[in-house]
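Every number here is computed from the coordinates shown, using simple stated rules; none is lab data. Note that this is a predicted model, so its numbers are computed, not measured. Glycine gets a Cβ as well: all are built from the backbone with ideal geometry, and neighbour counts include every protein chain shown.
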Amino acid sequence: MSRPVAGADCVRRFMVEKQPVRGHWVRLTRSWEEVRAHAHYPGVVSELLGEAVAAAVLLAATLKFRGTLTFQLQGNGSVGLLVAQCTHDFRLRAVARYDHGLGDPDTARRGALFRRLVGTEGRIAVTVEAEERSMRYQGVVPLTGASLGESLEAYFATSEQLPTRVLLAADDGVAGGLLIQRVPEEGGHRGGSEVATQTGEAWEQAERNIGAVTGADLLRCSAEQVVTQVFPGRDLRLFRGTAVNFECRCSQGRVAGLLRALGSDEVRDVLREQGAVTVTCEFCQRPYRFDAGDVEALFAGPEGGSPGVIH
């Protein structure tokens with residue numbers, strides 16, 4: 001097994017040798033903190049958003065594509081919307097919309113808390129927008145189970161028809177996750193019933209042991225430690241980690257283009273009323289402030305191309 005870079009935000013792929021069992025492990029620290037740098041979420045909302053961020057990275061890691069994967073949760077509970085996006089090269093961003101009167105409920109009963117946050121009705125949507133021929137794919141399933149991980153397992157069972165186990169965890173400093181799948185063998189089981197039995201045993205071992213992996217294990221232990229805990233005694237291959245970074249699409253230039261599109265009269269009206277024009281990115285919550293001098297410079301010269309928009 002290769003050694004991970006200590007403290008690095010990364011996702012790592014692993015597989016059980018000669019068995020159709022594979023998976024991914026992810027841990028995020030710096031990028032998870034940057035997601036919330038300009039947002040202030042209650043603790044329980046922050047944890048759920050961290051799980052969604054880890055989920056988006058794990059989902060992107062299972063696919064071969066160039067583009068953006070969007071993981072979206074919509075519910076009728078205190079958290080009405082969670083959106084986490086991850087590109088093929090693992091640049092991510094995320095946002096949560098929630099009831100500001102939520103407070104900080106008791107977290108002792110995790111399943112009941114999850115349902116309070118997301119409600120009794122809701123859905124998970126996974127959308128992949130690939131650059132190749134502008135391909136777009138979307139899978140939508142109802143929210144099920146008592147955790148985001150269980151809901152994702154139902155997504156894989158319904159949309160991908162792949163037996164999958166998912167564990168997710170997050171706290172104020174770390175977001176992490178583990179995804180394990182049993183994948184079909186090419187041409188069916190090879191080597192007769194003995195090989196088929198061994199294949200089944202490898203997956204049953206994962207099913208049996210993954211329940212002993214705690215949230216603390218995901219957030220504090222190395223990939224080697226977690227994977228070995230699930231597959232003790234197995235011949236494992238753990239691949240080198242791929243870096244994960246935070247990146248939002250907003251920028252000063254995009255906001256400037258948006259203000260030009262509004263027109264000088266409207267922007268100057270806001271400037272007179274408020275003393276400055278502030279535009280906040282709806283995704284990362286970063287504020288962009290334009291004072292009187294900035295506004296004059298904005299409309300003083302040629303607009304130079306089409307206006308940008310914050311997506």
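Only one of the values (1) 22.3, 80; (2) 19.2, 59; (3) 24.1, 81 was calculated from this structure for Rg and Dmax of the Cα atoms in Å; name its label. The calculated read-out lines up with (1). The fewest-to-most ranking of 11, 83, 140 by surrounding Cβ atoms within 10 Å reads 140, 83, 11.
When +1 charges are put on Lys and Arg Cβ atoms and -1 charges on Asp and Glu Cβ atoms, the dipole computed for the chain relative to its Cα centre reaches about 620 debye.
Taking the chain as a Gaussian network of alpha-carbon nodes connected by springs under 10 Å, the highest mean-square fluctuation of the residues 23, 177, 215 belongs to 215. Computed from point charges on the beta carbon alone (+1 for Lys and Arg, -1 for Asp and Glu), the dipole magnitude for the stretch 252-300 about its Cα centre is near 200 Debye. By the Cβ distance rule (another cysteine Cβ under 4.7 Å), the unpaired cysteines of the chain are 10, 86, 221.
Could you check which residue among 38, 100, 88 shows the biggest mean-square fluctuation in a GNM of the chain with a 10 Å Cα cutoff? Among 38, 100, 88, the largest mean-square fluctuation in the Gaussian network model of the chain belongs to 100. Antiparallel beta bridges, as assigned by DSSP with both residues in the chain, represent about 95 percent of the total such bridges.
Mean residue ellipticity, 222 nm, helices only, the chain: the sum of -39500 (n - 2.57) across DSSP H runs of n ≥ 4, divided by residue count and rounded to 500, is -10000 deg cm²/dmol. Each peptide among 63-74, 264-275, 146-157 gets the average number of other Cβ atoms lying within 10 Å of its residues, and from highest to lowest they stand as 146-157, 63-74, 264-275. Farthest towards the positive end of the charge dipole of the chain, among the residues 226, 167, 285, is the Cα of 226, using unit charges on the Cβ of Lys, Arg, Asp and Glu.
Segment residue 266..residue 160, full-extension length gain: 33.2 nm, with 0.36 nm per residue of separation and the alpha-carbon distance subtracted.
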